[in-house]
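Take a look at the structure below.
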Amino acid sequence: MALAPGTAAPAFELPDQNGDTVKLSDFQGEQAVALVFYPFTFTGICEGELCRLRDDHSQFTDAGVAVLAVSCDSKNSQKVWAEQQGYTFPVLSDFWPHGEVAQAYGVFNEALGCANRATFVIGTDGTIVDAFETENLGVAREADRYTEALAKL
């Protein structure tokens, strides 16, 4: 079960697509975070969702929110994909230990070995302000849910 709003966001430290370490604690007290878990790199729905985040990135920057996308794929495959798609936000690899961060947030899909399609908006104090998840991996998140979540900051 995914973590609920009002819960302290679990700390993490993950490599991005360039191999740089990104820590949730780097943002605390400075910037809110939209932590966007997605199942698989190089897949249609995931690509559509992340391209929408790329194309509508100003809604996040205007709200002072950093977007961090996370999957259980390797940073090497994420690097190729991020470069092909022109993602301007970090794409984090929860590859090893496999799905550890997705598990901490309650969104690891044991049957498929991937993260479920879930988003956590984390305030500057490290508390989850809003969280939403799709009913299954074949359903994309509604764009309006991001607007609603950002309004809660």
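The values are calculated or read from the model by the stated rules, or taken from the named source; none is laboratory data. All values derive from a computational prediction rather than experimental measurement. All Cβ positions, even for glycine, are placed from backbone atoms using ideal geometry, and neighbour counts span all protein chains on display.
Does PRO15 satisfy being under 23 Å from GLY138 (Cα atoms), touching a Lys or Arg at 6+ places or on another chain (Cβ under 7 Å), buried (at least 17 other Cβ atoms within 10 Å of the Cβ) and modelled with pLDDT of 95 or more? No: the conditions fail for PRO15. From the list LEU92, LEU153, the one residue that fits, being closer than 25 Å to ALA11 by Cβ, part of a loop (DSSP other than H, G, I, E, B) and not acidic (Asp, Glu), is LEU153. In the stretch 62-74, the qualifying residues are those that are surrounded by fewer than 21 Cβ atoms within 10 Å (Cβ to Cβ) and touching a strand residue (DSSP E or B) at 6+ places or on another chain (Cβ under 9 Å), and the one that is nearest to VAL36 (Cα to Cα) is ALA66.
If you check every pair at least six apart or on different chains, which have Cβ atoms under 6 Å apart with a residue in the stretch 82-96 that is in contact (Cβ under 8 Å) with a residue 24 or more places away in the chain first and a residue that is of a type outside the set (S, T, N, Q) and in a loop (DSSP other than H, G, I, E, B) second? Sorted first by the residue in the stretch 82-96, then by its partner, the pairs are PRO90/ASP16; LEU92/ASP16; ASP94/CYS72.
The residue that is farthest from LYS23 (Cα to Cα), among those in the stretch 127-153 that are touching a Ser or Thr at 6+ places or on another chain (Cβ under 8 Å) and among the small types (Gly, Ala, Ser), is ALA140.
Kindly provide the set of residues from the stretch 35-59 that are in a helix (DSSP H, G or I) and surrounded by fewer than 19 Cβ atoms within 10 Å (Cβ to Cβ), ordered by number.
At the first step, the residues of the stretch 35-59 found to be in a helix (DSSP H, G or I) are 44-55, 58-59.
Those that are in a helix (DSSP H, G or I) and surrounded by fewer than 19 Cβ atoms within 10 Å (Cβ to Cβ): GLY44, ILE45, GLU47, GLY48, CYS51, ARG52, ARG54, ASP55, SER58, GLN59.
Taking every residue in the stretch 126-152 that is in contact (Cβ under 8 Å) with a residue 60 or more places away in the chain and within 20 Å of ASP56 (Cα to Cα) and pairing it with any residue that is surrounded by fewer than 12 Cβ atoms within 10 Å (Cβ to Cβ) and charged (D, E, K, R), at least 6 positions away or on another chain, the pairs with Cβ-Cβ distances below 6 Å are ASP130/LYS152. Within the stretch 108-139, the set of residues being within 21 Å of VAL65 (Cα to Cα) and either in a loop (DSSP other than H, G, I, E, B) or not β-branched (Val, Ile, Thr) (or both) comprises ARG117, ALA118, PHE120, GLY123, THR124, ASP125, GLY126, ASP130, ALA131, PHE132, GLU133. The set of residues from the stretch 102-145 being among the aromatic types (Phe, Trp, Tyr) and under 12 Å from the mean Cα position of the chain (by Cα) comprises TYR105, PHE120, PHE132.
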